[in-house]
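Just so it is clear, none of the values below were taken in a lab; they were calculated from the coordinates. What you are looking at is a predicted structure, and each value in this text was computed from that prediction instead of being measured. As a convention, Cβ positions derive from the backbone with ideal geometry for all residues, glycine included, and neighbour counts pool all protein chains shown.
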Amino acid sequence: MPDSIIDSREKIGELDKSNMIGSIEALGKQIEHAWEELKNISFTPKDEIRNIVVSGMGGSALGADVIAHLFKEELKVPLYINRTYSLPEFVDMHTLVVLSSYSGTTEEVIAAAAEAEARKAQIMVICAGGTLLELAQNKGYAHYKIDPVHNASDQPRMAIGYSVFGTIGLFEKAGLLQISDADVVEVVKTINKQVEACTIEVSGESNPAKALAYTMLDRQPVIIVADFLEGAAHVSANQHNENGKAYVNYKVIPEINHHLMEGLRFPKSNASTQVFIFVNSVLYPPKISLRMRLTQQIVEDNHIETMAVPLQASSKMAQAFEMISLFSFCSFYLAMLEGIDPSPIPFVDAFKEELKKQGKDYE
């Protein structure tokens, strides 16, 4: 597959059969759409909310992950992200449980819904349809029904704008978080600027997403972030796994300074197979920025290639989406360079089908 495919919208269209590039380029529109629709939702807490549990899997949990790290200093109560069938023991009438499933049929989330009801938790729902939507409508739960007009691929992982701002909007309705229309405008402007820089028509080294994709191609990349960008890194790694069909991981500073640096020497093939991507921000605390620099030097001392990605936006929320947009494009271009359609997830789908067949024996 000639590398020039990523410079040709026509050639990309032949491979990108579900129009994933349309979802990536419409991220800002997803956010605007979600923010406008959330204005029509109302919610009155029945009891004091002392903690939040967001129950979701895969792409449907990523929005909460972004929020948990982006707003850890603003959220008024603890936020727990639940990625399994059962809820944590502390869930009770003072817990806000947000059930998040793009399809509305995720079995782990459906199971958590029944448990949340039994424990008399306060429930909100975010989905695009399915069983969860029926449940929300029948029970009168406050809910945000995603109308994915700006998610052309209809892939849950590519509805990240709907997911993050849908969840933020629900938290706002519960009185747990507050952002302004101006904050949203800044995020959208940042994304649109990134789209202009990373779009198909911008070629070669002038396109940061394409440069990043070439660096990551046929390697095992590790994305290094810190502080408020941890959730954005999770989104980025997941999208590379599903879109690029590539093993991409992320690690967080300062945690890795206590162990990972000693794990770089072996196997010796690390020097030829790995690349560390350091995502830098002027909004990191100074001590964290120092750790980033020193860590990058140690990685290079172990003869492993590194690449620095500086973020430019002026706020934490805008930088998080600046990063998400960049790495979304990168994951897409990586798939194009590999000659694969980024949308299908055959192993995940086959696993789910086999789980249905064999799972009844474990109920």
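Across segment 29-41, in residue order, what do the Karplus-derived ³J(HN,Hα) couplings come to in whole Hz, using 6.51 cos²θ - 1.76 cosθ + 1.60 with θ = phi - 60° and x for Gly and Pro?
Here the 3J(HN,Hα) series is 5, 4, 5, 4, 5, 4, 5, 5, 5, 5, 5, 8, 9 Hz.
Add -39500 (n - 2.57) for each DSSP H run of 4 or more in the chain, then divide by its residues: what number comes out at 222 nm, to the nearest 500 deg cm²/dmol? Show your work: numbers first, answer last.
Values: 14 runs with 171 residues, N = 363.
It comes out at -14500 deg cm²/dmol, rounded to the nearest 500.
Once Cα extents along the principal axes in Å is worked out from the coordinates, which option in (1) 67, 40, 35; (2) 68, 50, 46; (3) 56, 49, 47 does it equal?
(3)
Counting Lys +1, Arg +1, Asp -1, Glu -1, what net charge surrounds residue 136 among other residues with beta carbon under 13 Å of its beta carbon?
Working: positive: 139, 145; negative: 117, 134.
It works out to a net charge of 0.
Neighbour counts of other C-beta atoms within 10 Å: give me 57, 124, 93 arranged from fewest to most. Walk me through the numbers before you get to the answer.
Values: 57 20, 124 25, 93 13.
With the sparsest Cβ surroundings first, the list reads 93, 57, 124.
About the Cα centre, and with charges only on the beta carbon of Lys, Arg (+1) and Asp, Glu (-1), how big is the dipole of the chain? Nearest 20 debye, please. Walk me through the numbers on the way to the answer.
Details: 32 positive and 47 negative charges, 113 e Å.
Dipole about the Cα centre, nearest 20: 540 debye.
How large is ³J(HN,Hα) for each residue in segment 205-219, as worked out from phi by the Karplus curve 6.51 cos²θ - 1.76 cosθ + 1.60 (θ = phi - 60°), to whole Hz, x for Gly and Pro?
Per-residue couplings from phi come out as 5, 6, 9, x, 6, 5, 4, 5, 5, 4, 5, 8, 4, 6, 10 Hz.
Cα-based Rg (one decimal) and Dmax (whole number) for segment 97-201, in Å?
Here Rg and the maximum Cα pair distance are 15.8, 54 Å.
What order do you get for 194-202, 99-107 when each peptide is scored by the mean count of other beta carbon atoms within 10 Å, highest first? Before the final figure, lay out each step's value.
Values: 194-202: 17.6, 99-107: 23.3.
Going from most to least packed, we get 99-107, 194-202.
Hey, got the dipole for segment 19-179? About the Cα centre, +1 on K and R Cβ, -1 on D and E Cβ, debye to the nearest 20?
Details: 13 positive and 19 negative charges, 37 e Å.
The dipole magnitude comes to about 180 debye.
Can you check what the net charge comes to around residue 48, using other residues whose Cβ is under 15 Å from the Cβ of residue 48 (Lys, Arg +1; Asp, Glu -1)? Numbers along the way, then the final one.
Values: positive: 46, 50, 76, 120; negative: 47, 92.
Surrounding charge for residue 48 is +2.
Can you give the angle from 0 to 90° between the axis of helix 59-70 and the longest principal axis of the chain, with both taken from C-alpha atoms, to the nearest 10?
Computed tilt is about 80 degrees.
Taking only Cα atoms, what is the 0 to 90° angle, nearest 10, from helix 107-118's long axis to the longest principal axis of the chain?
Roughly 30 degrees between the two axes.
Roughly speaking, what is the stretch gain from residue 273 to residue 36, that is 0.36 nm per residue apart minus the C-alpha to C-alpha distance, in nm to one decimal? Don't skip to the end; give the middle numbers.
On the way: separation 237, 0.36 × 237 = 85.32 nm, distance 4.51 nm.
Full-extension gain reported as 80.8 nm.
How high is the FRET efficiency from residue 189 to residue 74, r the C-beta distance, R0 25 Å, rounded to 0.05?
0.75
Give me the log10 of I(q) over I(0) for segment 19-179 at q = 0.09, 0.14 Å⁻¹, as the Debye formula computes it from C-alpha points; what are the numbers?
Each listed q corresponds, in turn, to -0.25, -0.62.
Report the one residue of 292, 313, 276 whose Cα lies farthest in the direction of the positive end of the charge dipole of segment 265-324 (charges on C-beta: Lys and Arg +1, Asp and Glu -1; origin at the Cα centre).
292
What is the set of long-range amide H partners of residue 82 at a cut-off below 5 Å, with H atoms built 1.01 Å from backbone N?
Amide H to amide H, under 5 Å and 5 or more residues apart or across chains, residue 82 pairs with 54, 55, 56.
Given the pairs 139/173; 17/352; 29/189; 189/316; 76/316; 145/193, which are separated by over 20 angstrom at their Cα positions?
Details: 139/173 18 Å; 17/352 23 Å; 29/189 11 Å; 189/316 14 Å; 76/316 18 Å; 145/193 28 Å.
From the list (139/173; 17/352; 29/189; 189/316; 76/316; 145/193), the Cα-Cα distance tops 20 Å for 17/352; 145/193.
Stretch residue 111-residue 17 to full length: gain in nm at 0.36 nm per residue minus the Cα-Cα span? Mind dumping the intermediate values first?
On the way: separation 94, 0.36 × 94 = 33.84 nm, distance 3.37 nm.
Answer, rounded to one decimal: 30.5 nm.
Give, in nm to one decimal, the length gained when the segment between residue 282 and residue 357 is fully stretched (0.36 nm per residue of separation minus the Cα-Cα distance). Mind showing how you got there, number by number?
Numbers: separation 75, 0.36 × 75 = 27.00 nm, distance 5.07 nm.
The residue 282-residue 357 span can extend by a further 21.9 nm.
With everything on Cα atoms, drop me the angle between helix 181-198 and the longest principal axis of the chain, reported from 0 to 90° to the nearest 10.
30
Would you mind ranking 145, 316 so that the residue whose beta carbon has the fewest other beta carbons within 10 Å leads the list?
Values: 145 17, 316 20.
Ranked by crowding around the Cβ, least crowded first: 145, 316.
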